[in-house]
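To keep things clear, I will list the structure first and then write my remarks on it.
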Amino acid sequence: MGAAASPAECVMNLLNINDKSGTYPASYYASNIMPITDCEAAKGQINCDVCVIGGGFTGLSAALHLAERGYKVHLLEAQRIGFGASGRNGGQVGQGQRLDQDDLEKMLGDTRAMELWKVGTAASSLVRDLAKSDLVHADFHPGLLYTDHRERYVQGSRAYVEKMNDKYGYDQLSFLDKDQVYDLVKSPCYYGGTYDTGGGHIDPLQFVLGLARMAQRAGAILHERSFVTKIKEGAIAAVHTTSARIYAKYVVMGCNGYVGDLHSDVSRRVMPINNYIAATEPLSEDMRARVMTKNIAVADSKFVVNYFRFSDDNRMLFGGTESYGYKFPKDIAAQVRKPMTEIFPQLADTKIDYSWGGTLGITLNRMPHYGVYGANNILSLSGFSGSGVAMGTLSGQIAAEMIAGQSERFDIMSSVPTPKFPGGRMMRQPLLILAMLWYSLRDKL
(Lines give C-alpha, C1' and ligand atoms only; values in the text may rest on other atoms or scores of the structure.)
Protein backbone atom coordinates (compact mmCIF):
# COMPACT_ATOMS: atom_id res chain seq x y z
CA MET A 1 0.00 0.00 0.00
CA GLY A 2 1.12 3.53 -0.69
CA ALA A 3 1.51 6.16 1.97
CA ALA A 4 -1.62 7.89 3.23
CA ALA A 5 -2.42 11.22 1.63
CA SER A 6 -1.60 14.34 3.63
CA PRO A 7 -4.42 16.77 4.54
CA ALA A 8 -3.27 19.15 1.82
CA GLU A 9 -3.21 16.31 -0.72
CA CYS A 10 -6.79 15.32 0.26
CA VAL A 11 -8.05 18.83 -0.40
CA MET A 12 -6.06 19.06 -3.62
CA ASN A 13 -7.63 15.79 -4.74
CA LEU A 14 -11.08 17.34 -4.48
CA LEU A 15 -9.88 20.47 -6.25
CA ASN A 16 -8.04 18.68 -9.05
CA ILE A 17 -8.96 15.02 -9.40
CA ASN A 18 -11.95 15.70 -11.66
CA ASP A 19 -10.91 19.02 -13.22
CA LYS A 20 -7.92 20.71 -14.78
CA SER A 21 -6.22 23.16 -12.46
CA GLY A 22 -7.20 26.75 -13.17
CA THR A 23 -9.94 25.77 -15.62
CA TYR A 24 -13.69 25.81 -15.21
CA PRO A 25 -15.48 22.48 -15.77
CA ALA A 26 -16.98 21.83 -19.18
CA SER A 27 -20.45 22.77 -17.96
CA TYR A 28 -23.24 24.54 -19.79
CA TYR A 29 -22.80 27.45 -17.39
CA ALA A 30 -19.11 27.87 -18.20
CA SER A 31 -19.67 27.75 -21.97
CA ASN A 32 -20.59 31.43 -22.23
CA ILE A 33 -19.05 33.53 -19.46
CA MET A 34 -16.67 36.44 -19.09
CA PRO A 35 -14.23 35.36 -16.33
CA ILE A 36 -13.30 37.77 -13.58
CA THR A 37 -10.11 39.75 -14.15
CA ASP A 38 -7.60 41.29 -11.70
CA CYS A 39 -7.44 38.18 -9.52
CA GLU A 40 -3.71 37.52 -9.31
CA ALA A 41 -2.47 34.86 -6.91
CA ALA A 42 -1.64 36.09 -3.43
CA LYS A 43 2.11 36.59 -2.98
CA GLY A 44 4.39 37.65 -0.17
CA GLN A 45 3.10 39.20 3.05
CA ILE A 46 -0.38 40.76 3.10
CA ASN A 47 -1.95 42.59 6.02
CA CYS A 48 -5.70 43.14 6.12
CA ASP A 49 -8.76 43.37 8.32
CA VAL A 50 -10.41 40.20 7.02
CA CYS A 51 -9.11 37.24 5.04
CA VAL A 52 -11.88 35.29 3.31
CA ILE A 53 -11.20 31.72 2.19
CA GLY A 54 -13.32 30.46 -0.71
CA GLY A 55 -14.53 32.16 -3.89
CA GLY A 56 -18.11 30.89 -3.89
CA PHE A 57 -21.41 32.34 -2.72
CA THR A 58 -20.45 32.61 0.95
CA GLY A 59 -16.95 33.96 0.50
CA LEU A 60 -17.87 36.50 -2.16
CA SER A 61 -20.94 37.67 -0.30
CA ALA A 62 -18.82 38.12 2.83
CA ALA A 63 -16.18 40.02 0.85
CA LEU A 64 -18.84 42.25 -0.72
CA HIS A 65 -20.67 43.10 2.49
CA LEU A 66 -17.46 43.60 4.48
CA ALA A 67 -15.95 45.86 1.82
CA GLU A 68 -19.17 47.88 1.74
CA ARG A 69 -18.69 48.42 5.50
CA GLY A 70 -15.18 49.75 4.93
CA TYR A 71 -13.11 46.71 5.87
CA LYS A 72 -9.89 45.89 4.01
CA VAL A 73 -10.64 42.44 2.59
CA HIS A 74 -8.52 39.89 0.74
CA LEU A 75 -10.25 36.76 -0.61
CA LEU A 76 -8.38 33.56 -1.45
CA GLU A 77 -9.70 31.04 -4.00
CA ALA A 78 -7.66 27.91 -4.70
CA GLN A 79 -8.92 27.61 -8.27
CA ARG A 80 -11.13 30.11 -10.15
CA ILE A 81 -13.91 32.31 -8.83
CA GLY A 82 -17.07 30.17 -8.79
CA PHE A 83 -15.09 27.02 -9.60
CA GLY A 84 -16.79 24.84 -6.96
CA ALA A 85 -20.42 24.03 -6.24
CA SER A 86 -21.42 27.70 -6.43
CA GLY A 87 -20.79 27.69 -10.17
CA ARG A 88 -22.06 24.18 -10.93
CA ASN A 89 -25.35 23.68 -9.08
CA GLY A 90 -28.96 23.57 -10.24
CA GLY A 91 -29.54 27.27 -9.62
CA GLN A 92 -32.59 26.68 -7.41
CA VAL A 93 -33.39 29.36 -4.87
CA GLY A 94 -35.67 28.07 -2.12
CA GLN A 95 -37.49 29.79 0.71
CA GLY A 96 -36.70 29.03 4.33
CA GLN A 97 -34.15 26.50 5.52
CA ARG A 98 -33.06 23.14 4.11
CA LEU A 99 -35.31 21.42 6.68
CA ASP A 100 -39.00 22.26 6.61
CA GLN A 101 -40.70 24.03 9.49
CA ASP A 102 -42.26 20.85 10.87
CA ASP A 103 -38.82 19.35 11.39
CA LEU A 104 -37.40 22.56 12.84
CA GLU A 105 -40.26 22.87 15.31
CA LYS A 106 -39.65 19.31 16.51
CA MET A 107 -35.93 19.96 16.78
CA LEU A 108 -35.89 23.42 18.35
CA GLY A 109 -39.41 24.49 19.29
CA ASP A 110 -41.81 26.95 17.69
CA THR A 111 -40.06 30.17 18.66
CA ARG A 112 -36.65 29.22 17.28
CA ALA A 113 -38.25 27.65 14.19
CA MET A 114 -39.96 30.97 13.46
CA GLU A 115 -36.64 32.80 13.81
CA LEU A 116 -35.03 30.37 11.37
CA TRP A 117 -37.88 30.86 8.92
CA LYS A 118 -37.33 34.61 8.94
CA VAL A 119 -33.62 34.13 8.32
CA GLY A 120 -34.36 31.69 5.47
CA THR A 121 -36.81 34.01 3.73
CA ALA A 122 -34.26 36.82 3.96
CA ALA A 123 -31.87 34.57 2.00
CA SER A 124 -34.04 34.32 -1.12
CA SER A 125 -34.86 38.04 -0.90
CA LEU A 126 -31.13 38.84 -0.83
CA VAL A 127 -30.53 36.78 -3.98
CA ARG A 128 -33.37 38.61 -5.74
CA ASP A 129 -31.98 41.99 -4.70
CA LEU A 130 -28.37 41.24 -5.64
CA ALA A 131 -29.45 39.83 -9.01
CA LYS A 132 -30.76 43.29 -9.94
CA SER A 133 -27.20 44.67 -10.09
CA ASP A 134 -25.87 45.66 -13.50
CA LEU A 135 -22.85 43.45 -12.70
CA VAL A 136 -24.96 40.25 -12.44
CA HIS A 137 -25.59 38.97 -15.96
CA ALA A 138 -28.46 36.67 -15.00
CA ASP A 139 -32.15 37.09 -14.26
CA PHE A 140 -33.99 35.66 -11.27
CA HIS A 141 -37.00 33.60 -12.46
CA PRO A 142 -39.75 33.15 -9.82
CA GLY A 143 -41.49 29.85 -9.16
CA LEU A 144 -40.34 26.65 -7.40
CA LEU A 145 -42.43 23.47 -7.41
CA TYR A 146 -41.87 20.63 -4.93
CA THR A 147 -43.45 17.45 -6.29
CA ASP A 148 -44.64 14.37 -4.40
CA HIS A 149 -43.34 11.18 -5.99
CA ARG A 150 -45.57 9.01 -3.75
CA GLU A 151 -49.32 9.38 -3.29
CA ARG A 152 -48.97 8.93 0.48
CA TYR A 153 -47.06 12.23 0.68
CA VAL A 154 -49.90 14.32 -0.76
CA GLN A 155 -51.91 14.70 2.43
CA GLY A 156 -48.81 15.95 4.24
CA SER A 157 -48.13 18.50 1.51
CA ARG A 158 -51.67 19.85 1.75
CA ALA A 159 -51.40 20.14 5.55
CA TYR A 160 -48.00 21.83 5.31
CA VAL A 161 -49.34 24.51 2.97
CA GLU A 162 -52.23 25.21 5.33
CA LYS A 163 -49.80 25.50 8.23
CA MET A 164 -47.45 27.86 6.39
CA ASN A 165 -50.38 30.01 5.26
CA ASP A 166 -51.98 30.21 8.72
CA LYS A 167 -49.23 29.89 11.33
CA TYR A 168 -46.39 31.56 9.45
CA GLY A 169 -48.46 33.99 7.41
CA TYR A 170 -46.72 32.85 4.22
CA ASP A 171 -49.24 33.18 1.40
CA GLN A 172 -46.88 32.50 -1.53
CA LEU A 173 -47.10 28.73 -0.99
CA SER A 174 -50.03 26.81 -2.48
CA PHE A 175 -51.04 23.16 -2.75
CA LEU A 176 -51.43 21.56 -6.17
CA ASP A 177 -53.23 18.29 -6.81
CA LYS A 178 -52.11 15.70 -9.36
CA ASP A 179 -53.84 17.35 -12.31
CA GLN A 180 -52.53 20.79 -11.40
CA VAL A 181 -48.99 19.47 -11.14
CA TYR A 182 -49.38 17.77 -14.50
CA ASP A 183 -50.48 21.08 -16.00
CA LEU A 184 -47.00 22.38 -15.12
CA VAL A 185 -44.82 19.26 -15.37
CA LYS A 186 -45.78 16.77 -18.07
CA SER A 187 -44.73 13.67 -16.20
CA PRO A 188 -46.81 10.74 -14.88
CA CYS A 189 -44.50 10.40 -11.85
CA TYR A 190 -46.08 12.93 -9.51
CA TYR A 191 -49.23 12.87 -7.37
CA GLY A 192 -49.32 16.43 -6.07
CA GLY A 193 -47.03 19.07 -4.66
CA THR A 194 -46.48 22.55 -3.32
CA TYR A 195 -45.85 25.61 -5.46
CA ASP A 196 -43.81 28.49 -4.05
CA THR A 197 -43.81 31.79 -5.92
CA GLY A 198 -41.30 33.18 -3.41
CA GLY A 199 -38.62 30.76 -4.62
CA GLY A 200 -37.22 30.47 -8.11
CA HIS A 201 -34.04 29.91 -10.09
CA ILE A 202 -31.03 31.71 -11.52
CA ASP A 203 -27.87 30.88 -13.50
CA PRO A 204 -25.55 30.18 -10.54
CA LEU A 205 -22.21 30.81 -12.24
CA GLN A 206 -23.32 34.13 -13.70
CA PHE A 207 -24.66 35.05 -10.28
CA VAL A 208 -21.46 34.18 -8.42
CA LEU A 209 -19.36 36.03 -11.01
CA GLY A 210 -21.65 39.00 -10.51
CA LEU A 211 -21.02 38.85 -6.76
CA ALA A 212 -17.28 38.90 -7.51
CA ARG A 213 -17.59 42.02 -9.66
CA MET A 214 -19.69 43.68 -6.97
CA ALA A 215 -17.11 42.79 -4.31
CA GLN A 216 -14.30 44.21 -6.43
CA ARG A 217 -16.24 47.40 -7.07
CA ALA A 218 -16.74 47.75 -3.31
CA GLY A 219 -12.97 47.47 -2.79
CA ALA A 220 -12.32 43.82 -1.94
CA ILE A 221 -9.16 42.23 -3.38
CA LEU A 222 -9.74 38.79 -4.93
CA HIS A 223 -6.98 36.23 -5.44
CA GLU A 224 -7.39 33.13 -7.62
CA ARG A 225 -4.98 30.15 -7.64
CA SER A 226 -4.24 30.77 -3.96
CA PHE A 227 -4.47 27.44 -2.16
CA VAL A 228 -4.62 27.73 1.64
CA THR A 229 -2.38 25.22 3.39
CA LYS A 230 -3.04 26.17 7.01
CA ILE A 231 -4.44 28.76 9.38
CA LYS A 232 -2.38 29.77 12.41
CA GLU A 233 -4.70 30.96 15.15
CA GLY A 234 -4.07 34.06 17.23
CA ALA A 235 -5.32 37.57 17.92
CA ILE A 236 -3.96 38.24 14.45
CA ALA A 237 -4.55 35.07 12.44
CA ALA A 238 -1.99 33.96 9.85
CA VAL A 239 -3.37 32.32 6.71
CA HIS A 240 -0.71 30.43 4.75
CA THR A 241 -0.93 29.77 1.02
CA THR A 242 1.67 28.17 -1.21
CA SER A 243 3.07 31.64 -2.02
CA ALA A 244 1.80 34.10 0.61
CA ARG A 245 1.16 34.82 4.27
CA ILE A 246 -1.97 36.82 5.01
CA TYR A 247 -2.22 38.39 8.47
CA ALA A 248 -5.77 39.32 9.39
CA LYS A 249 -7.82 40.39 12.40
CA TYR A 250 -10.60 38.06 11.20
CA VAL A 251 -10.86 35.02 8.94
CA VAL A 252 -14.05 33.88 7.20
CA MET A 253 -14.03 30.29 5.97
CA GLY A 254 -16.50 29.71 3.14
CA CYS A 255 -15.06 26.37 2.00
CA ASN A 256 -18.17 24.15 2.11
CA GLY A 257 -17.36 20.78 0.46
CA TYR A 258 -13.69 21.68 0.05
CA VAL A 259 -12.82 22.27 3.70
CA GLY A 260 -10.82 19.02 3.83
CA ASP A 261 -8.68 19.09 6.96
CA LEU A 262 -8.09 22.82 6.90
CA HIS A 263 -10.06 22.86 10.16
CA SER A 264 -10.58 19.59 12.01
CA ASP A 265 -13.83 20.50 13.82
CA VAL A 266 -15.51 21.77 10.65
CA SER A 267 -14.41 18.73 8.65
CA ARG A 268 -16.01 16.43 11.25
CA ARG A 269 -19.34 18.18 10.69
CA VAL A 270 -19.26 18.98 6.96
CA MET A 271 -18.74 16.17 4.46
CA PRO A 272 -18.23 16.39 0.67
CA ILE A 273 -20.54 14.58 -1.72
CA ASN A 274 -20.77 14.73 -5.49
CA ASN A 275 -23.84 15.55 -7.54
CA TYR A 276 -24.39 15.59 -11.30
CA ILE A 277 -26.23 17.68 -13.89
CA ALA A 278 -26.86 17.33 -17.61
CA ALA A 279 -27.97 19.96 -20.13
CA THR A 280 -29.83 18.84 -23.22
CA GLU A 281 -29.67 20.42 -26.61
CA PRO A 282 -32.03 23.43 -26.97
CA LEU A 283 -35.61 22.19 -27.18
CA SER A 284 -38.11 23.38 -29.75
CA GLU A 285 -41.05 25.36 -28.40
CA ASP A 286 -43.28 22.36 -29.08
CA MET A 287 -41.03 19.94 -27.19
CA ARG A 288 -40.54 22.38 -24.34
CA ALA A 289 -44.32 22.62 -23.92
CA ARG A 290 -44.50 18.81 -23.85
CA VAL A 291 -42.07 18.80 -20.91
CA MET A 292 -42.97 21.82 -18.78
CA THR A 293 -45.39 24.66 -19.39
CA LYS A 294 -43.82 27.34 -17.16
CA ASN A 295 -40.29 28.60 -16.62
CA ILE A 296 -40.08 27.33 -13.05
CA ALA A 297 -37.70 25.15 -11.07
CA VAL A 298 -38.79 21.71 -9.81
CA ALA A 299 -37.48 19.41 -7.08
CA ASP A 300 -39.09 16.11 -6.10
CA SER A 301 -39.66 14.43 -2.75
CA LYS A 302 -36.99 11.76 -3.07
CA PHE A 303 -34.22 11.74 -0.48
CA VAL A 304 -31.74 11.67 -3.38
CA VAL A 305 -33.50 14.58 -5.05
CA ASN A 306 -34.17 14.97 -8.75
CA TYR A 307 -34.26 18.66 -9.69
CA PHE A 308 -34.71 20.37 -13.02
CA ARG A 309 -35.52 23.58 -14.88
CA PHE A 310 -35.10 25.24 -18.26
CA SER A 311 -32.14 27.38 -19.22
CA ASP A 312 -32.75 30.71 -20.89
CA ASP A 313 -32.10 29.09 -24.28
CA ASN A 314 -34.63 26.26 -23.76
CA ARG A 315 -32.32 23.48 -22.58
CA MET A 316 -33.52 21.06 -19.95
CA LEU A 317 -31.08 21.27 -17.05
CA PHE A 318 -31.58 18.08 -15.04
CA GLY A 319 -29.77 17.17 -11.83
CA GLY A 320 -29.85 13.91 -9.98
CA THR A 321 -27.87 11.02 -8.46
CA GLU A 322 -25.09 11.42 -5.91
CA SER A 323 -21.79 9.72 -5.09
CA TYR A 324 -19.37 9.79 -2.21
CA GLY A 325 -15.97 8.92 -3.61
CA TYR A 326 -13.60 11.53 -4.95
CA LYS A 327 -13.89 10.49 -8.57
CA PHE A 328 -16.76 11.49 -10.87
CA PRO A 329 -18.22 8.66 -13.02
CA LYS A 330 -16.77 8.29 -16.51
CA ASP A 331 -20.13 8.82 -18.24
CA ILE A 332 -22.03 11.46 -16.28
CA ALA A 333 -24.50 11.98 -19.12
CA ALA A 334 -25.60 8.34 -19.05
CA GLN A 335 -25.94 8.42 -15.28
CA VAL A 336 -28.18 11.51 -15.33
CA ARG A 337 -30.12 10.45 -18.42
CA LYS A 338 -31.59 7.49 -16.51
CA PRO A 339 -33.65 9.48 -13.96
CA MET A 340 -34.34 12.20 -16.54
CA THR A 341 -36.01 9.79 -18.96
CA GLU A 342 -37.83 8.01 -16.15
CA ILE A 343 -39.53 11.29 -15.37
CA PHE A 344 -39.71 12.53 -18.96
CA PRO A 345 -39.87 9.60 -21.41
CA GLN A 346 -40.46 12.18 -24.15
CA LEU A 347 -36.78 13.21 -23.80
CA ALA A 348 -35.44 9.71 -24.54
CA ASP A 349 -34.07 10.69 -27.95
CA THR A 350 -32.95 14.18 -26.95
CA LYS A 351 -29.23 14.86 -27.24
CA ILE A 352 -27.27 15.83 -24.13
CA ASP A 353 -24.81 18.60 -24.96
CA TYR A 354 -23.19 19.07 -21.55
CA SER A 355 -22.80 17.01 -18.40
CA TRP A 356 -20.76 17.76 -15.31
CA GLY A 357 -20.29 17.01 -11.66
CA GLY A 358 -19.74 19.11 -8.59
CA THR A 359 -18.75 18.69 -4.96
CA LEU A 360 -20.97 20.18 -2.28
CA GLY A 361 -20.93 20.05 1.50
CA ILE A 362 -23.57 18.34 3.61
CA THR A 363 -24.14 18.05 7.34
CA LEU A 364 -25.64 15.12 9.19
CA ASN A 365 -28.96 16.90 9.77
CA ARG A 366 -28.80 18.96 6.53
CA MET A 367 -28.67 22.30 8.38
CA PRO A 368 -25.74 24.70 7.88
CA HIS A 369 -22.84 24.60 10.30
CA TYR A 370 -21.87 27.96 11.80
CA GLY A 371 -18.81 27.99 14.06
CA VAL A 372 -16.46 30.47 15.77
CA TYR A 373 -12.87 29.38 16.40
CA GLY A 374 -9.43 30.58 17.40
CA ALA A 375 -9.47 33.81 19.39
CA ASN A 376 -13.15 34.20 18.48
CA ASN A 377 -11.97 35.69 15.18
CA ILE A 378 -12.25 32.73 12.79
CA LEU A 379 -15.74 32.15 11.42
CA SER A 380 -16.82 29.09 9.43
CA LEU A 381 -20.13 28.98 7.56
CA SER A 382 -20.73 25.91 5.42
CA GLY A 383 -22.61 22.63 4.95
CA PHE A 384 -25.58 24.07 3.04
CA SER A 385 -26.62 20.63 1.84
CA GLY A 386 -28.03 21.75 -1.49
CA SER A 387 -29.46 25.11 -0.42
CA GLY A 388 -26.32 27.13 -1.01
CA VAL A 389 -27.54 29.62 -3.61
CA ALA A 390 -29.76 31.32 -1.05
CA MET A 391 -28.30 30.32 2.33
CA GLY A 392 -24.68 30.48 1.19
CA THR A 393 -25.17 34.02 -0.11
CA LEU A 394 -26.97 35.12 3.06
CA SER A 395 -24.30 33.48 5.22
CA GLY A 396 -21.69 35.80 3.76
CA GLN A 397 -23.81 38.78 4.74
CA ILE A 398 -24.30 37.31 8.22
CA ALA A 399 -20.52 36.84 8.59
CA ALA A 400 -20.05 40.52 7.79
CA GLU A 401 -22.67 41.43 10.41
CA MET A 402 -20.94 39.26 13.00
CA ILE A 403 -17.55 40.88 12.41
CA ALA A 404 -19.19 44.31 12.65
CA GLY A 405 -20.59 43.37 16.07
CA GLN A 406 -24.14 42.42 15.07
CA SER A 407 -24.42 38.79 16.10
CA GLU A 408 -28.19 38.18 16.23
CA ARG A 409 -28.60 36.23 13.00
CA PHE A 410 -25.30 34.38 13.43
CA ASP A 411 -26.43 33.33 16.92
CA ILE A 412 -29.78 32.09 15.56
CA MET A 413 -28.05 29.92 12.96
CA SER A 414 -25.27 28.69 15.25
CA SER A 415 -27.84 27.58 17.83
CA VAL A 416 -28.89 24.76 15.49
CA PRO A 417 -26.92 21.63 16.44
CA THR A 418 -24.78 20.19 13.66
CA PRO A 419 -23.56 16.81 14.96
CA LYS A 420 -20.28 15.26 13.96
CA PHE A 421 -20.48 12.46 11.42
CA PRO A 422 -20.04 9.12 13.21
CA GLY A 423 -16.98 7.02 12.67
CA GLY A 424 -14.33 9.69 12.33
CA ARG A 425 -12.43 10.33 9.12
CA MET A 426 -11.99 6.67 8.21
CA MET A 427 -15.55 5.45 8.76
CA ARG A 428 -17.82 8.42 8.09
CA GLN A 429 -17.82 7.88 4.33
CA PRO A 430 -18.66 4.13 4.39
CA LEU A 431 -21.39 4.76 6.99
CA LEU A 432 -22.90 7.53 4.90
CA ILE A 433 -22.85 5.34 1.79
CA LEU A 434 -24.80 2.65 3.68
CA ALA A 435 -27.30 5.26 4.84
CA MET A 436 -27.72 6.65 1.32
CA LEU A 437 -28.26 3.17 -0.09
CA TRP A 438 -31.03 2.70 2.45
CA TYR A 439 -32.66 6.02 1.54
CA SER A 440 -32.32 5.25 -2.18
CA LEU A 441 -34.13 1.95 -1.55
CA ARG A 442 -36.78 3.78 0.46
CA ASP A 443 -37.32 6.20 -2.45
CA LYS A 444 -38.29 3.22 -4.60
CA LEU A 445 -40.80 1.75 -2.15
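Whats the longest run of the chain with zero GluC sites (Glu not before Pro) that are DSSP loop and have at most 15 other Cβ atoms within 10 Å? Display every interim value, and only then the final one.
Details: sites that count: 40, 233.
Result for the longest clean stretch: 234-445.
Out of 257, 357, 405, any idea which swings most in a Gaussian network model of the chain, alpha carbons joined below 10 Å?
405
Quantify, in whole percent, the carbon and sulfur part of the accessible surface of the chain (1.4 Å probe; protein heavy atoms only). Mind dumping the intermediate values first?
Numbers: 9300 of 18250 Å².
Solvent-exposed carbon and sulfur of the chain make up 51 percent of the total.
Rounded to the nearest 500, what is the 222 nm mean residue ellipticity of the chain from helices alone, with -39500 (n - 2.57) per DSSP H run of 4+ residues and division by all residues?
Details: 13 runs with 156 residues, N = 445.
Dividing the helical sum by the residues of the chain leaves -11000 deg cm²/dmol.
Need one number: % antiparallel among DSSP beta bridges in the chain, to the nearest 5. Display every interim value, and only then the final one.
Details: 50 of 73 bridges.
Percent antiparallel among DSSP bridges in the chain is about 70.
Pairing the Cα long axis of helix 204-218 with the longest principal axis of the chain, what angle in degrees results, from 0 to 90 and rounded to the nearest 10?
Taking Cα atoms only, the helix is inclined about 30 degrees.
Remind me, relative contact order of the stretch 263-351 in percent, using alpha carbon pairs under 8 angstrom and six or more residues apart?
Values: 113 pairs, mean separation 30.8, N = 89.
Across the stretch 263-351, relative contact order equals 35 percent.
Please find the FRET efficiency linking residue 240 to residue 415, where r is the Cβ-Cβ separation and R0 is fixed at 25 Å, and quote it to the nearest 0.05. Each step should come with its number before you reach the end.
Values: r = 32 Å, r/R0 = 1.28.
After rounding, the FRET efficiency stands at 0.20.
Mean-square fluctuation check for the chain, GNM, Cα pairs under 10 Å: which of 98, 245, 69 is largest?
69
So what is the relative contact order for the chain, in percent, with contacts set as C-alpha pairs under 8 Å and at least six apart?
In percent, rounded to a whole number, it is 23.
Can you work out the Karplus-derived ³J(HN,Hα) for every residue in the stretch 140-153? Use 6.51 cos²θ - 1.76 cosθ + 1.60 with θ = phi - 60°, whole Hz, and x for glycine or proline.
Running phi through 6.51 cos²θ - 1.76 cosθ + 1.60 with θ = phi - 60° gives 7, 10, x, x, 9, 10, 9, 9, 8, 8, 10, 4, 5, 7 Hz.
Excluding ligands, DNA and RNA, what is the solvent-accessible area per residue of the stretch 56-153 at a probe of 1.4 Å, expressed in Å²? Don't skip to the end; give the middle numbers.
Values: 3590 Å² over 98 residues.
On a per-residue basis, the stretch 56-153 sits at 37 Å².
Relative to the longest principal axis of the C-alpha atoms of the chain, give the angle of the C-alpha long axis of helix 424-444, reported between 0 and 90° and rounded to the nearest 10°.
Helix 424-444 sits roughly 10 degrees off the main axis of the chain.
Excluding residues on the same chain fewer than 8 positions from residue 43, give the lysines whose Cα lies under 24 Å from its Cα.
Those lysines meeting the cut-off are 20, 72, 230, 232, 249.
I want to verify a result. In a Gaussian network model of the chain, Cα cutoff 10 Å, which of these has the top mean-square fluctuation: 279, 333, 289?
289
Setting aside same-chain residues fewer than 8 positions from residue 106, which aspartates and glutamates have a Cα under 16 Å from its Cα?
115
Could you tell me how many degrees, from 0 to 90 and to the nearest 10, lie between the Cα long axis of helix 7-16 and the main elongation axis, the longest principal axis, of the Cα atoms of the chain?
Result, in degrees: 50.
For the stretch 262-407, what does the accessible surface come to per residue with a 1.4 Å probe? Please give it in Å². Intermediate values should be presented prior to the final figure.
Numbers: 4840 Å² over 146 residues.
Here the residues of the stretch 262-407 average 33 Å² of exposed surface.
List the lysines whose alpha-carbon lies under 17 Å from that of residue 294, not counting same-chain residues fewer than 8 positions away?
By straight Cα distance, residue 294 reaches 178, 186.
The values are calculated or read from the model by the stated rules, or taken from the named source; none is laboratory data. Just so it is clear, the structure is predicted and the values come from calculations on it, not from any experiment. Please note: Cβ atoms are built from the backbone with ideal geometry, for glycine as well, and neighbour counts cover all protein chains shown. Please note that ligands, DNA and RNA were not included when accessible areas were found on the heavy atoms of the full protein model with its side chains. Shrake-Rupley method; radii C 1.70, N 1.55, O 1.52, S 1.80 Å.
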